[in-house]
Amino acid sequence: MTYVFTLPYAPMSLNTWMRLHWSKQQRHRQAFQGDVLALLREKGNVCPRPLRAPVRLRAVVVAPTIRRRDGDNLSIPLWKDLQDALVLGGYLPDDTHDLVATESPRVIRGEREMTIVTIEEAA
């Protein structure tokens, strides 16, 4: 089964993340995880708890600017916080490599900034 949700912003880059004070990193992480869990718990959402592991996570980051972006630079903060949110919300038992596979986010140009996340359960 495949589940898709959209965050209304792009993930923070690793360069920006590393420059933040640890307390700001923590606040950002908690806000991001709260956003993810709120989207997964929305009325009408069919994402079950728990997901059938292993799962594959994919993301498309839509950026409104022409500026080039490095997908790998976006992937570390995105995947770490997303996997932690899935564990925190009870969607995954753990976020180890044998239960979760990720790919570097694809970056495309669009009118509005957003991140489209796809969760694919094992068949």
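Screening GLY90 with (1) in a loop (DSSP other than H, G, I, E, B); (2) crowded, with 17+ Cβ neighbours inside 10 Å; (3) touching a Lys or Arg at 6+ places or on another chain (Cβ under 8 Å) gives one miss only, at (2).
Given the structure, is LEU39 of a type in the set (A, V, I, L, M) and outside any strand (DSSP E or B)? Against the criterion (of a type in the set (A, V, I, L, M) and outside any strand (DSSP E or B)), LEU39 qualifies.
Restricting attention to region 28-63 and to residues that are loosely packed, with under 12 Cβ neighbours inside 10 Å and basic (Lys, Arg), the residue that is nearest to THR2 (Cα to Cα) turns out to be ARG52. Which residue is nearest to ARG52 (Cα to Cα), if the candidates are limited to region 98-123 and must be in a loop (DSSP other than H, G, I, E, B), under 16 Å from the mean Cα position of the chain (by Cα) and not aliphatic (A, V, I, L, M)? Filtering region 98-123 for residues that are in a loop (DSSP other than H, G, I, E, B), under 16 Å from the mean Cα position of the chain (by Cα) and not aliphatic (A, V, I, L, M), the one nearest to ARG52 (Cα to Cα) comes out as GLU103. Within the option set ALA31, ALA10, ALA85, ALA59, being assigned to a helix (DSSP H, G or I), within 16 Å of MET114 (Cα to Cα) and of a type in the set (Gly, Ala, Ser) holds for one residue only, ALA31. Cβ-Cβ distances below 6 Å connect the following pairs, each with a first residue in region 27-51 that is within 14 Å of TRP17 (Cβ to Cβ), a second residue that is crowded, with 16+ Cβ neighbours inside 10 Å and modelled with pLDDT under 95, and a separation of six or more residues or different chains: ARG29/ASP81; PHE32/ASP81.
Does region 74-85 include one or more residues that are more than 10 Å from the chain's Cα centre (by Cα) and of a type outside the set (A, V, I, L, M)? Scanning region 74-85 turns up no residue that is more than 10 Å from the chain's Cα centre (by Cα) and of a type outside the set (A, V, I, L, M).
When region 18-27 is filtered for residues that are exposed (fewer than 13 other Cβ atoms within 10 Å of the Cβ) and not in a helix (DSSP H, G or I), only HIS21 remains. When ASN73, ASN15 are screened for being under 26 Å from HIS97 (Cβ atoms), surrounded by 12 or more Cβ atoms within 10 Å (Cβ to Cβ) and not charged (D, E, K, R), only ASN73 passes.
Of all residues in region 62-82, those that are assigned to a loop (DSSP other than H, G, I, E, B) and acidic (Asp, Glu) total 1.
The values are calculated or read from the model by the stated rules, or taken from the named source; none is laboratory data. Because the structure is a prediction, the values reported are computed rather than measured. In this analysis, Cβ positions are derived from the backbone assuming ideal geometry, glycine residues included, and neighbour counts consider all displayed protein chains.
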